[in-house]
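Have a look at the structure below, then the notes.
All of the numbers you see were taken from the coordinates with simple rules; none came from a lab. From a predicted model like this one, the values you see are computed outputs, not experimental measurements. Neighbour counts are summed over all protein chains in view; Cβ atoms, including those assigned to glycine, are modelled from backbone coordinates with ideal geometry.
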Amino acid sequence: MTEHGYTHNKEAHLKRLRRIEGQARGLQRMVEEDKYCIDILTQVSAMTRALQSVSLSLLEEHLGHCVAGAIEHGGPEAEAKLKEANEAIARLVKS
């Protein structure tokens, strides 16, 4: 089994993602119940921040484990991991 950067923190990530899943269901319920727009937007903002927090944590773990390990070994794998990390960061910045 491959160990990823997040493996040691997997349960915490799953717990956070389940909480975010609950927030999404709550948002659906708010729309179904015709709640006030600003209240829904406030919850969307909270969910967005929660997803960003998970993303940053995963990125930090990826850099510290996967990218650092590839750099240690050097060669084309190191270059590929750096390129991959840069692309992931660019996607996060755009979101």
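Tell me whether region 57-78 contains one or more residues that are surrounded by 12 or more Cβ atoms within 10 Å (Cβ to Cβ), out of contact with any Cys (no Cβ under 8 Å at 6 or more places or on another chain) and among the hydroxyl-bearing types (Ser, Thr, Tyr).
Filtering region 57-78 down to residues surrounded by 12 or more Cβ atoms within 10 Å (Cβ to Cβ) leaves 57-63, 65-71, 77-78.
If we keep only those that are out of contact with any Cys (no Cβ under 8 Å at 6 or more places or on another chain) too, we end up with 57-63, 65-71, 77-78.
Narrowing further to those that are among the hydroxyl-bearing types (Ser, Thr, Tyr): 57.
Checked region 57-78: at least one residue is surrounded by 12 or more Cβ atoms within 10 Å (Cβ to Cβ), out of contact with any Cys (no Cβ under 8 Å at 6 or more places or on another chain) and among the hydroxyl-bearing types (Ser, Thr, Tyr).
Has region 43-58 got at least one residue that is more than 15 Å from the chain's Cα centre (by Cα) and more than 19 Å from Lys94 (Cβ to Cβ)?
Looking for residues that are more than 15 Å from the chain's Cα centre (by Cα) and more than 19 Å from Lys94 (Cβ to Cβ), one finds at least one in region 43-58, hence yes.
Among the residues that make up region 4-14, is at least one of them closer than 28 Å to Cys66 by Cβ, in contact (Cβ under 8 Å) with a residue 60 or more places away in the chain and among the small types (Gly, Ala, Ser)? First the steps, then the outcome.
If we filter region 4-14 for residues that are closer than 28 Å to Cys66 by Cβ, which is where we start, we get 4-14.
Pick out the ones that are also in contact (Cβ under 8 Å) with a residue 60 or more places away in the chain and you get 4-5.
Pick out the ones that are also among the small types (Gly, Ala, Ser) and you get 5.
Among the residues of region 4-14, at least one is closer than 28 Å to Cys66 by Cβ, in contact (Cβ under 8 Å) with a residue 60 or more places away in the chain and among the small types (Gly, Ala, Ser), which makes the answer yes.
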